[in-house]
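One structure below.
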Amino acid sequence: MRETWVLVADAGRARVYLADPSLSAFQLVTAMDSGASRRPTNAPGGRLDPLEAAHAAFAREVATYLHESVDRYTSLVIAAPPGFLGFLRHALSSAVSSRVTRIVNRDFTLAHLEELPALFRAHAA
């Protein structure tokens, strides 16, 4: 059986859902939150500021979970805003990246579970 997982994430929260291949039904697998991403910070110079470092660390945490669970799904759909998506893409292992079948450059993290199918339909590739 082909298991499809859907990651809906931003720099502060991530939800992983089990979905049917048509993305019309979702069931929560896990939820992760990063309180660090909400702290305002300033960093001098060109280095990664503490807020960006927190976003990158959360992306690595999400990527690690996806990698450790890679045998539980065969297909992965990702919905994330572009800024966080960059951190996430950098953190994904090749095993996880090879399962990514669709990426939606949108933040769906505040959407209710029952709204997700319509959001994915509206942003079809």
>> I'd like the full set of residues that are among the hydroxyl-bearing types (Ser, Thr, Tyr), more than 18 Å from residue 21 (Cβ to Cβ) and either assigned to a helix (DSSP H, G or I) or in contact with a strand residue (DSSP E or B) (Cβ under 7 Å, 6 or more places away or on another chain) (or both), limited to region 71-121.
In response: 94, 97, 109
>> I need every pair where a residue in region 71-93 that is over 20 Å from residue 54 (Cβ atoms) has its Cβ under 7 Å from the Cβ of a residue that is small (Gly, Ala, Ser), sequence separation at least 6 or different chains.
In response: 93/63
>> Just the residues that are in a strand (DSSP E or B) and of a type in the set (Asp, Glu), please, taken from region 1-29.
In response: none
>> Anything in region 6-21 that is in contact with a Phe, Trp or Tyr (Cβ under 7 Å, 6 or more places away or on another chain), of a type outside the set (Ser, Thr, Tyr) and crowded, with 17+ Cβ neighbours inside 10 Å? List them, or say none.
In response: 6, 8, 9, 10, 11, 16, 19
> What number of residues within region 22-56 are under 18 Å from the mean Cα position of the chain (by Cα), exposed (fewer than 13 other Cβ atoms within 10 Å of the Cβ) and modelled with pLDDT under 90?
Replying inline: 2
> Considering only residues of region 57-109 that are of a type in the set (Phe, Trp, Tyr) and under 22 Å from residue 27 (Cα atoms), which is farthest from the chain's Cα centre (by Cα)?
Replying inline: 73
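Each row is one residue, and each column tells you yes or no for (1) of a type outside the set (Ser, Thr, Tyr); (2) more than 20 Å from residue 13 (Cβ to Cβ); (3) surrounded by 13 or more Cβ atoms within 10 Å (Cβ to Cβ).
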residue: 80; (1), (2), (3): yes, no, yes
residue: 90; (1), (2), (3): yes, no, no
residue: 95; (1), (2), (3): yes, yes, no
residue: 98; (1), (2), (3): no, yes, no
residue: 103; (1), (2), (3): yes, no, yes
residue: 113; (1), (2), (3): yes, no, yes
residue: 116; (1), (2), (3): yes, no, yes
> Using beta carbons and a limit of 8 Å, which pairs, at least six apart or on different chains, have the first residue in region 48-70 and part of a helix (DSSP H, G or I) and the second one of a type in the set (Lys, Arg) and modelled with pLDDT of 95 or more?
Replying inline: 70/99
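The values are calculated or read from the model by the stated rules, or taken from the named source; none is laboratory data. Just so it is clear, the model here is predicted, and its values are computed rather than measured. Glycine also receives a Cβ, built like all others from the backbone with ideal geometry; neighbour counts cover every protein chain displayed.
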